[in-house]
1. Scanning for something of a type in the set (Gly, Ala, Ser), free of Cβ contacts under 8 Å to residues at least 40 places away in the same chain and away from ligand 1 (no atom under 16 Å from the Cβ), does the range 31-53 turn up at least one residue?
2. Any idea how many residues of the range 144-178 are within 14 Å of the chain's Cα centre (by Cα) and not hydrophobic (A, V, I, L, M, F, W, C)?
3. When you go through (1) farther than 27 Å from Leu76 by Cβ; (2) surrounded by 15 or more Cβ atoms within 10 Å (Cβ to Cβ) one by one for Val150, which number turns out not to apply?
4. Restricting attention to the range 185-204, does a residue exist that is surrounded by 13 or more Cβ atoms within 10 Å (Cβ to Cβ), over 30 Å from Arg17 (Cβ atoms), aliphatic (A, V, I, L, M) and in contact with a strand residue (DSSP E or B) (Cβ under 8 Å, 6 or more places away or on another chain)?
5. Please name all residue pairs, on different chains or six or more residues apart, with Cβ atoms under 7 Å, provided the first residue is in the range 216-243 and is of a type in the set (D, E, K, R) and the second residue is not in a helix (DSSP H, G or I).
6. Can you name the residue in the range 102-125 that is outside any loop (DSSP other than H, G, I, E, B) and surrounded by 12 or more Cβ atoms within 10 Å (Cβ to Cβ) and, of all such residues, is nearest to ligand 2 (Cβ to nearest atom)?
7. Looking at the range 58-84, which of the residues that are closer than 19 Å to Asp132 by Cβ and outside any strand (DSSP E or B) is nearest to ligand 2 (Cβ to nearest atom)?
8. Residues of the range 49-79 being over 16 Å from Met137 (Cα atoms) and polar (S, T, N, Q), which ones?
Amino acid sequence: MTAIDLDHLVQPDRVHRSVYTDQALFDLEMEHMFEKTWVYCGHESQVKAMGDYHTLHIGRQPMVMVRDRDQSIRVLYNRCPHRGVQLCGTHSGNTGSGFVCPYHAWSFHLNGQVRAIPLAKGYDGTRLKLDDPQASMVPAARVDSYRGFVFASLSAEGPSLLEFLGEAKVAFDDMCDRSPVGEVEVVPVCHRVVQHSNWKFFMENQLDALHPSVTHQSTGVSARRIEERVKKSQGSAPLYFHYLSTFASSFDQWDSVQTVNFPYGHGILKAYMGLRPTDPDTVEYEGLLKKAYGEEKAEEYLSRSIHHVLIYPYLSVQSPLQQLRCLRPIGPDKTLSEIWHFRLKGAPEAIYRRALWYFNLVNSPATMINADDLENWTRGQWGLQSKGGEWVSFHRNMGGDTETNGVSYSNNGTSEVVMRNQFKAWQAYIRPAVQAAVSIA
Ligand code: FES
Ligand SMILES: [Fe+2]
């Protein structure tokens with residue numbers, strides 16, 4: 001590997017374009033970020049019954065999350081120890097009481113341990129022993145969950161899940177606390193979109209408050225026009241118009257929304273959408289929360305100022321509307337995103353429909369909102385692959401943010417402190433790998 005000068009590539013106010021395009025840097029990201037840190041695997045309601053499984057990638061590693069016989073959730077490499085064939089070939093399903101390889105029928109318990117091998121006598125006298133871990137599926141080094149959201153780390157070392165999440169764990173608290181029983185359930189339908197851009201475009205865009213009134217102007221303005229017409233003729237307009245019309249807020253309005261930027265690159269974009277109308281469905285729902293938690297707690301839960309929470313380097317959780325988007329990078333210019341939404345257990349159906357509207361109107365690949373973002377990122381990738389310039393600028397409001405105990409609060413919603421903070425984390429992941437490579441050389 002040629003020496004990588006990280007201090008040159010990632011500077012406090014600008015980043016070299018190769019960080020978005022270079023295969024060697026992408027490989028370092030996979031090995032030293034995604035394949036070491038805690039990665040979201042799925043929600044426990046995706047694997048309710050014994051043998052239910054869900055496949056996913058952690059970095060470049062194919063994994064399977066499965067419900068074991070003892071009800072625990074395991075995360076294993078989706079790989080047969082015989083000749084490497086992937087044991088589960090679909091996104092999800094039920095594998096019964098164990099895994100059976102489709103190639104030569106080696107079978108495994110749900111915790112990955114080998115169960116049986118056909119004609120096992122054929123191994124007598126060889127160095128393959130059934131009690132050797134190499135005869136079993138390999139588990140992720142660590143698995144943990146928070147409020148039903150399951151994570152795994154392929155590294156035995158590093159911070160605990162709670163240390164890693166830090167303040168960003170509010171994403172899951174905020175989502176679950178909005179249920180009268182404190183729990184959510186996944187809606188088992190996921191949009192999968194391949195973005196033709198580097199994964200960092202998505203992560204930066206999530207807290208980029210300058211772009212909505214530009215990128216989403218046509219959608220926002222059209223929605224506002226119709227929303228006003230409906231209000232005039234019917235007295236009120238359904239909330240879903242508001243989901244789209246707020247994108248047309250002015251620059252000044254966006255600039256007044258705060259971002260909070262945490263260690264590890266996580267962050268919050270504070271609320272800017274009014275999501276507490278006074279229609280009968282909302283009144284009924286808020287009544288259920290008050291009954292469950294008491295007036296004061298319910299009010300605290302309903303008035304948390306969050307639009308969405310980013311868990312760097314791959315997750316965006318929009319807790320007030322029960323949405324979750326997860327990135328699975330494929331290459332420097334290719335990123336798979338999974339778009340999920342959740343149902344608040346114990347909440348009225350009308351409240352679920354609001355999450356469904358948002359899922360389809362804003363986050364689905366079929367919407368004008370997501371399509372406009374995707375186009376920007378693809379065009380961004382093309383620009384950074386060109387020789388038309390070497391740098392990506394993150395100068396906006398530099399020096400104008402307030403930093404307290406490692407947390408940066410933007411004094412302008414459109415401050416690029418978001419990206420500066422993400423790259424601080426990026427460097428912390430990548431620097432030890434680069435130093436190790438240099439010392440070997
Ligand atoms: S590869 Fe799995 S049993 Fe042979
Ligand atoms: Fe956008």
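1. There is no residue in the range 31-53 that is of a type in the set (Gly, Ala, Ser), free of Cβ contacts under 8 Å to residues at least 40 places away in the same chain and away from ligand 1 (no atom under 16 Å from the Cβ).
2. Here the count works out to 1.
3. Condition (1) is where Val150 drops out.
4. Scanning the range 185-204 turns up at least one residue that is surrounded by 13 or more Cβ atoms within 10 Å (Cβ to Cβ), over 30 Å from Arg17 (Cβ atoms), aliphatic (A, V, I, L, M) and in contact with a strand residue (DSSP E or B) (Cβ under 8 Å, 6 or more places away or on another chain).
5. Correct list of pairs: Glu227/Ala237; Lys231/Ala237.
6. Taking the candidates together, the pick is Phe108.
7. Arg79
8. Gln71, Ser72
The values are calculated or read from the model by the stated rules, or taken from the named source; none is laboratory data. Fair warning: this is a prediction, and the values are worked out from it, not measured in the lab. Every residue, glycine as well, gets a Cβ built from its backbone with ideal geometry; the counts of neighbours run over all protein chains shown.
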